[in-house]
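> Shown below is the structure under consideration.
The values are calculated or read from the model by the stated rules, or taken from the named source; none is laboratory data. If you're wondering where the values come from, they're calculated on a predicted model, not measured in any experiment. Here the Cβ positions follow ideal geometry from the backbone for every residue, glycine too, while neighbour counts run over all protein chains shown. Accessible surface areas use protein heavy atoms only, side chains included; no ligands, DNA or RNA. Shrake-Rupley method; radii C 1.70, N 1.55, O 1.52, S 1.80 Å.
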Amino acid sequence: MRTLAAEGYDDKLAGHVSVRDREDGTLLVPRVGARWGEFSDDEIVRIDADGKIVEGEGNLNPTIVFHLELHKARPDIVCALLCRNVNS
């Protein structure tokens with residue numbers, strides 16, 4: 001996420017990113033309040049297929065429901081992000 005920020009991506013809060021980490025259906029997502037350029041490892045939470053936090057602390061961006069549905073519909077997708085480029 002810091003790399004994307006360095007390339008000019010910024011959607012204010014970094015809540016539109018999800019990574020499938022395991023075959024168990026859990027996803028790694030940023031907790032709400034994380035910022036693109038200042039992102040650190042302690043801002044990652046693991047959620048289950050229902051959107052419940054199973055590891056880490058914090059709150060989720062409500063838009064994560066879109067990521068959950070995407071990952072359910074497309075098990076081949078490992079990483080999903082939605083952001084805009086501030087340079088365009």
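> Cβ-Cβ distance below 7 Å, separation of 6 or more or different chains: which pairs start in segment 56-80 with a residue that is of a type in the set (S, T, N, Q) and end on one that is open to solvent by 40 Å² or more (accessible area, probe 1.4 Å)?
Hits for this filter: Asn59/Arg31; Asn59/Val32; Asn61/Leu13; Asn61/Val32.
> Is it the case, given these coordinates, that Arg20 is at pLDDT 90 or above and open to solvent by 40 Å² or more (accessible area, probe 1.4 Å)? Show your work before the answer.
Numbers: at pLDDT 90 or above: yes; open to solvent by 40 Å² or more (accessible area, probe 1.4 Å): yes.
Considered against the rule, which asks whether it is at pLDDT 90 or above and open to solvent by 40 Å² or more (accessible area, probe 1.4 Å), Arg20 comes out as yes.
> Just to be sure before I move on: is Lys52 basic (Lys, Arg) and at pLDDT 90 or above in the structure I sent?
Details: basic (Lys, Arg): yes; at pLDDT 90 or above: yes.
Yes.
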